[in-house]
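Taken together, the values in this text are just the output of simple stated rules run on the coordinates, not laboratory data. These figures come from a predicted structure and were not determined experimentally. Every residue, glycine among them, receives a Cβ derived from its backbone with ideal geometry; neighbour counts consider all protein chains shown.
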Amino acid sequence: MLEIKDLHASVEGKEILKGLNLNVKAGEIHAIMGPNGAGKSTLASIVAGKEEYEVTKGNILLDNEDIEELAAEERAHKGVFLSFQYPVEIPGVTVTNFMKTAINETRKAQGLEEMPAKDMLKKIREKSELLEIDRKFLSRSLNEGFSGGEKKRNEIFQMAMMEPKLAILDETDSGLDIDALRIVANGVNKLKSNDNAIVVITHYQRLLEYIVPDFVHVLYDGKIVKSGTKELALELEEKGYDWIKEEINA
Amino acid sequence: MELKEKLVSSFLAFENTVDVDAAVHDIRSQAIKIFEEKGFPTKKEEAWKYTSLNTVLKHDYSIFPKEENALEFKDIKKYFIHDLDTYKIVFIDGKYSSHLSETTHDKIDVCLMSSALSHDKYKSVIDTYFNKIAKQDGLTSLNTAFSKEGAYIFIPKNKLADKPIQIIHFSTGKESAQMLQPRNLIVAEENSQVQIVERHQSLNDNPVLTNSVTEIFVDKNAIVDYYKIQNDHQNASLIDNTYIEQQANSIASVHTFAFGGNITRNNLNFYQKGEGIDSILNGVTIIEGKQHVDHNTLVHHTEPNCESHQDYKGIFDEKATGVFNGKIIVNKEAQKTNAFQSNNNILLSDKATINSKPQLEIFADDVKCSHGCTIGQLDDNALFYMKSRGIAEKEAKALLMYAFANNVLESVKIPQLKTRINKLIANKLGVNIGFDL
């Protein structure tokens, strides 16, 4: 589904990704771990289409189609979703209005009619229940005054609404207490199917106890330097990243 | 001939069309002298530093409508809030259109200035209120000198206008250039209520200059909500002079939606004359091209325990220029005044300009007064966030701009009007998304 080949990318002249390869198939969950500054969030932003990053070499393929030239919204229309590490506060736009606009603009781009108001309401109700989100919350301005946990839960609510093919969860666990983490993970697991794929970017192993990955990759200095199964995450939790750095530098 | 000379020398001809023995005519004669002396304002005056009328004054305007022009409702329906039952006072090229209007004398008076000025029945109201708070500056005096037609609204004590009132001025563009000078008088007596929507609309690109004066008297405990829709053709310029006097415990609000026209100047003046008054001045300006909108506001607090709230949002694209000059005066006696003013602006282009100037003159020592001004751009992170959810750039920008202006729109009390303004904004921003979901 997602194939990243020899990806080099820089921002303001500084190279951040230095030849990254990743292959994610439908039905799989991949975790990307790594120390701070390794390029994890850059990778997430580049796949989602943030323009500040310049891809200098390599390809990003979604279902064998090169998406590198597509604008962020066009990637979203093709089923790419990014759960933001730091969701942006947008005063004056309610959660509900934002989701209605997002879904209908996506449907328009896909040549579909707008979703009937009744179906939209039903969907909003279902998905907010899945994430245990209070109704009142939905009529508040997007992310404005939300706690860290509320913001993350709201991201996964948006994921549930958008039903993406490829979801990238960037540090979704940060700022969550254990109950919220369980709710969010439960939501993600319910959304998982054989037709979609999830890339979980995280610093800690904690989230992976709830969202169990098929593969774990270590991103260090702009490259995937080690890949394995979920046991690798446990090893990283226990031993930290220094041994990987030593292995690389040796 | 320069416009000023032309106007002054036309006064004799104008006198042939009105009753020169009426008391009002002394006021007119006085006013033409003031205009002759003061003329049009220039950029040398502090209050006009950022707005020049030079390009607007150079046209050879016809000053009096030559003939009666008719319009079919179906052709201009879109300029009305037609899904709402309202009274209507409609003018075409400065002449009253009975065909398009819906007036009343049932409990309240919603009718014409020309009849109020000429019938004895209205004499005491005219004597009490006409030209009592209008400034004696050049432009207002010019309007006073030629005052003859406009809207006359009188809401007696304890009465509620049973539906909103629309005042619409059309110019057909049949004249190559036309000057209009409507004069409105609105009196809301003690404990009464009224909502008014005003619009100036030209129907083609021929130059139009409107110099409008509206006096509004809001008596004790009365509530007046006034909405101005300014979304005119690119060659239509508007100088809108509004004077509001409020008595104790009254609430008056003016919303100004400035989306179009050539040069628009809003002189909005609130005079508070009692305790417990609330004055609300809200505005949304969205302009582009070479459009120019200047909001010049004054709130004068004279008595204790009053409030004023000003909230003006501006979005400027291309070479558009905006001006906000907000003056608040708090007299020594006006203790416990709460006066707030905020002016927030977004510049979408390097060539767009906003000049924002708060002026606070506070002579009382126990007051809360604040003013704030921001000038910024759309937030790139917010744009990326929205785009990543499938909302295209143009729509994402529009949604952010709408959100920016949202708190002003939220305060519009007539739902159908709010929907209409949302649509005007969507059209203005070139998007087809429902903002108000």
Count the net charge of all other residues whose Cβ sits under 12 Å from the Cβ of A:K18, scoring Lys and Arg as +1 and Asp and Glu as -1.
0
Each residue of segment A:226-238 in turn: what ³J(HN,Hα) in whole Hz from Karplus with 6.51, -1.76, 1.60 and θ = phi - 60°, glycine and Pro shown as x?
7, 10, x, 9, 4, 5, 4, 5, 5, 5, 5, 4, 6
In Å, descending, principal axis extents of the Cα set of chain A
61, 39, 34
Please give the net charge around B:S192, taking every other residue with its beta carbon less than 13 angstrom from that of B:S192, where Lys and Arg add +1 and Asp and Glu add -1.
-2
Pop out the ³J(HN,Hα) list for segment B:310-325 in order, Karplus 6.51 cos²θ - 1.76 cosθ + 1.60 with θ = phi - 60°, rounded to Hz; leave Gly and Pro as x.
10, 9, 10, 10, x, 10, 10, 10, 6, 9, 5, 10, x, 9, 10, 10
Once Rh for the protein assembly as shown is found with the Kirkwood sum over Cα pairs, what is the Stokes-Einstein diffusion coefficient at 10 °C and 1.306 mPa s, in µm²/s?
56 µm²/s
Square roots of five times the C-alpha gyration tensor eigenvalues of segment A:67-210, ordered largest first and given in whole Å, equal 23, 19, 15
For a quick check: with amide H placed at 1.01 Å from N, whose amide H comes under 5 Å from A:I32's, ignoring anything fewer than 5 positions away on the same chain?
A:V200, A:I201, A:T202, A:H217
All alpha-carbon distances of segment B:111-198, grouped into 5 Å bins from 0, give the whole-percent distribution 3, 12, 20, 21, 22, 12, 7, 3, 1, 0
The aspartates and glutamates whose Cα lies under 16 Å from the Cα of B:K351, excluding any fewer than 8 residues away in the same chain, are B:E288, B:D317, B:E318
What angle do you read, to the nearest 10 degrees and between 0 and 90, between the alpha-carbon axis of helix A:95-109 and the longest principal axis of chain A?
80 degrees
Cross-link reach list, lysines versus A:K57, counting only Cα pairs under 18 Å and skipping chain neighbours closer than eight places:
A:K5, A:K14, A:K18, A:K40, A:K223
Compute the orientation-averaged projected area for segment A:34-109 from the convex hull of its Cα atoms and round it to one decimal in nm².
6.6 nm²
7 Å from Cα along Cα→Cβ at both B:C373 and A:E126: what's the point-to-point distance in nm?
5.3 nm
At what distance in angstrom do the alpha carbon centres of segment B:336-358 and segment B:84-138 lie from each other?
34 Å
How shielded is A:139-149 by partner chains, expressed as the average number of their Cβ atoms within 10 Å of its Cβ atoms?
1
How much length would be gained if the chain were fully extended between B:S62 and B:V20, taking 0.36 nm per residue of separation minus their Cα-Cα distance, in nm to one decimal?
12.9 nm
Go through segment A:19-56 and name the GluC sites (Glu not before Pro) that are in a DSSP coil and have 15 or fewer other Cβ atoms within 10 Å of their Cβ.
A:E51, A:E52
Whichever aspartates and glutamates have a C-alpha closer than 16 Å to that of B:K78, once near sequence neighbours (fewer than 8 apart) are set aside
B:E198, B:D232
Once Lys and Arg are counted +1 and Asp and Glu -1 for all other residues with Cβ under 15 Å from that of B:K4, the total becomes -2
Lysine pairs in segment B:372-435 with alpha-carbon atoms under 16 Å apart, 8 or more places apart or on different chains: how many are there?
6
